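A.B. asks: Here it is, the structure in full.
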Amino acid sequence: MKRIAFIGLGHMGLPMARNLLKAGFSLKVFDLVADAIETLAKEGAQAASSAADAVQGQTVVVSMLPASRHVEGLYLGDSGLLKQLEPGTLVLECSTIAPESARRVHQAAAEQGLAMLDAPVSGGTAGAAAGTLTFMVGGEAATLEQARPIFQAMGSNIFHAGPDGAGQVAKVCNNLVLAVQMIATAEAMALGVASGLEPTVLAEIMRQSSGGNWTLEKYNPWPGVMENAPASRGYTGGFMAELMAKDLGLAQEAAQVTASSTPMGALALQLYRLLLKQGKGQQDFSVVQQLFVE
Ligand code: NAD
């Protein structure tokens, strides 16, 4: 039986950890927020008092943290976790971070004799709860085979994107498309409603027409159109706008490195930065709808 340390129990990490428990894995969990640890402890996980405590005696580490600096802070340096893990421990880093940052952790892990994968996910909080996430994996194919049963307990699509950091590149490209689709959908919803259409009617017409996209299928930004979307619960409980701004920034960094032209991604980043200036960074990223309504 694999013994898993799970670090980072936020919007995504908590339901992911819950699915590992349901699949029968033994879990030791840690987050900076004590409530999250308690919730999972009540469901059968072992509570840890620190990240270092969480990894004691475990053979796998899964982390789900906000951004590059949290991941590098956790794993790297003299007091970082990599120095405390037994050789052979499997490290599955699932946060969305810069490909360069993921490669730094890969390199440091290899130096300690540890197998590591960068394995960011897509599918949102609903996918995390349902265990239907998509994993985009960077690293050795043989390591992915070792990790596959763990990913399968949390997701339904597991892709090997390529070598170290490739999972992060795939994720950044995906989120660039997602942001642009969300903004375009919000813009069109506002235009249609301002012109007298019923939001639910317009949403359904576009969903079934050539403008159809993931945001119209699963995540409409107009309040009340989709009962289960964050827009219908005050833009709470989803993917925070500040995390989308972070991912769009990562896309621009990658574009800089490769001299790629990414004008739509650049505009999307500017619009999300504007939302952050309006104090909406902690709300779900579909709150971009509010840029287009009074
Ligand atoms: P979140 O902010 O809800 O959760 C992050 C958690 O990490 C928090 O509970 C925080 O307390 C904890 N944390 C931070 N530093 C820590 C440390 N040093 N030790 C232990 N815990 C620490 O974020 P989230 O929405 O769960 O997203 C996590 C990652 O997944 C991000 O990189 C995000 O971009 C990515 N992601 C999110 C979604 C989504 O829909 N929310 C979808 C796909 C990918």
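The values are calculated or read from the model by the stated rules, or taken from the named source; none is laboratory data. Quantities reported herein were computed from a predicted structural model and do not represent experimental measurements. Counting neighbours? That spans all protein chains shown, and the Cβs are built from the backbone with ideal geometry, glycine included. The accessibility values were calculated without ligands, DNA or RNA, using every heavy atom of the protein model including side chains. Shrake-Rupley method; radii C 1.70, N 1.55, O 1.52, S 1.80 Å.
A.B. asks: For segment 111-131, what are the residues that are within 12 Å of the ligand (Cβ to nearest atom), open to solvent by 20 Å² or more (accessible area, probe 1.4 Å) and not polar (S, T, N, Q)?
C.D. replies: Taking segment 111-131 first, the residues within 12 Å of the ligand (Cβ to nearest atom) are 118-129.
Checking the rest, the ones that are also open to solvent by 20 Å² or more (accessible area, probe 1.4 Å) come to 122-126, 129.
Hits for segment 111-131 are Gly123, Gly124, Ala126, Ala129.
A.B. asks: Related question: So, in segment 156-190, exactly how many residues are of a type in the set (S, T, N, Q) and either in contact with a His (Cβ under 7 Å, 6 or more places away or on another chain) or open to solvent by 20 Å² or more (accessible area, probe 1.4 Å) (or both)?
C.D. replies: 4
A.B. asks: Just a yes or no: is a residue in segment 132-141 part of a loop (DSSP other than H, G, I, E, B), crowded, with 20+ Cβ neighbours inside 10 Å, more than 16 Å from the ligand (Cβ to nearest atom) and in contact (Cβ under 8 Å) with a residue 40 or more places away in the chain?
C.D. replies: Our first condition is that a residue be part of a loop (DSSP other than H, G, I, E, B); within segment 132-141, this holds for 132, 139-140.
Remaining after also requiring crowded, with 20+ Cβ neighbours inside 10 Å: 139.
Filter again for more than 16 Å from the ligand (Cβ to nearest atom), leaving 139.
Those left that are additionally in contact (Cβ under 8 Å) with a residue 40 or more places away in the chain: none.
Taking every residue of segment 132-141 in turn, none turns out to be part of a loop (DSSP other than H, G, I, E, B), crowded, with 20+ Cβ neighbours inside 10 Å, more than 16 Å from the ligand (Cβ to nearest atom) and in contact (Cβ under 8 Å) with a residue 40 or more places away in the chain.
A.B. asks: Can you name every residue in segment 1-17 that is farther than 15 Å from Leu133 by Cβ and within 10 Å of the ligand (Cβ to nearest atom)?
C.D. replies: If the condition is that a residue be farther than 15 Å from Leu133 by Cβ and within 10 Å of the ligand (Cβ to nearest atom), then Ile7, Leu9 are the ones that fit.
A.B. asks: Report yes if some residue within segment 1-15 is more than 23 Å from Ala241 (Cα to Cα), in contact with a Leu (Cβ under 9 Å, 6 or more places away or on another chain), open to solvent by 30 Å² or more (accessible area, probe 1.4 Å) and touching a residue at least 24 places away in the same chain (Cβ under 8 Å); otherwise report no.
C.D. replies: Initial filter on segment 1-15 (more than 23 Å from Ala241 (Cα to Cα)): 1-6.
Next, only the ones that are in contact with a Leu (Cβ under 9 Å, 6 or more places away or on another chain) stay: 2-6.
If we keep only those that are open to solvent by 30 Å² or more (accessible area, probe 1.4 Å) as well, we get 2-3.
When the remaining residues are screened for being touching a residue at least 24 places away in the same chain (Cβ under 8 Å), the result is 2-3.
Checking segment 1-15: at least one residue is more than 23 Å from Ala241 (Cα to Cα), in contact with a Leu (Cβ under 9 Å, 6 or more places away or on another chain), open to solvent by 30 Å² or more (accessible area, probe 1.4 Å) and touching a residue at least 24 places away in the same chain (Cβ under 8 Å).
A.B. asks: Just give me the residues in segment 67-87 being open to solvent by 60 Å² or more (accessible area, probe 1.4 Å) and outside any helix (DSSP H, G or I), in sequence order.
C.D. replies: Asp78, Ser79, Glu86, Pro87, listed by residue number.
A.B. asks: Okay, next question. Can you go through Arg148, Arg104 and tell me which one is more than 14 Å from the ligand (Cβ to nearest atom) and closer than 21 Å to Lys2 by Cα?
C.D. replies: Criteria check complete, one pass: Arg148.
A.B. asks: Pick from Leu248, Leu197, Leu291: which is crowded, with 21+ Cβ neighbours inside 10 Å and out of contact with any strand residue (DSSP E or B) (no Cβ under 6 Å at 6 or more places or on another chain)?
C.D. replies: Numbers: Leu197 fails: crowded, with 21+ Cβ neighbours inside 10 Å; Leu291 fails: crowded, with 21+ Cβ neighbours inside 10 Å.
Exactly one of Leu248, Leu197, Leu291 is crowded, with 21+ Cβ neighbours inside 10 Å and out of contact with any strand residue (DSSP E or B) (no Cβ under 6 Å at 6 or more places or on another chain), namely Leu248.
A.B. asks: When the residues of segment 277-288 are filtered to those that are surrounded by 15 or more Cβ atoms within 10 Å (Cβ to Cβ) and over 16 Å from the mean Cα position of the chain (by Cα), which remaining residue is farthest from Leu178 (Cα to Cα)?
C.D. replies: Here the answer is Lys280.
A.B. asks: Further question on the same structure: Are any residues in segment 252-294 closer than 19 Å to Leu65 by Cβ and in a helix (DSSP H, G or I), and if so, which ones?
C.D. replies: Correct list: Glu253, Phe285.
A.B. asks: Filter segment 200-238 down to the residues that are in a helix (DSSP H, G or I) and acidic (Asp, Glu), then identify the one that is least open to solvent (accessible area, probe 1.4 Å).
C.D. replies: Of everything passing the filter in segment 200-238, Glu204 is least open to solvent (accessible area, probe 1.4 Å).
A.B. asks: I would also like to ask the following. Identify the residue in segment 38-62 that is surrounded by fewer than 21 Cβ atoms within 10 Å (Cβ to Cβ) and assigned to a helix (DSSP H, G or I) and, among all such residues, is farthest from the ligand (Cβ to nearest atom).
C.D. replies: Lys42
A.B. asks: Go through the residues of segment 144-159 one by one and say whether even a single one is out of contact with any Asp or Glu (no Cβ under 6 Å at 6 or more places or on another chain), aromatic (Phe, Trp, Tyr) and not in a helix (DSSP H, G or I).
C.D. replies: Taking every residue of segment 144-159 in turn, at least one turns out to be out of contact with any Asp or Glu (no Cβ under 6 Å at 6 or more places or on another chain), aromatic (Phe, Trp, Tyr) and not in a helix (DSSP H, G or I).
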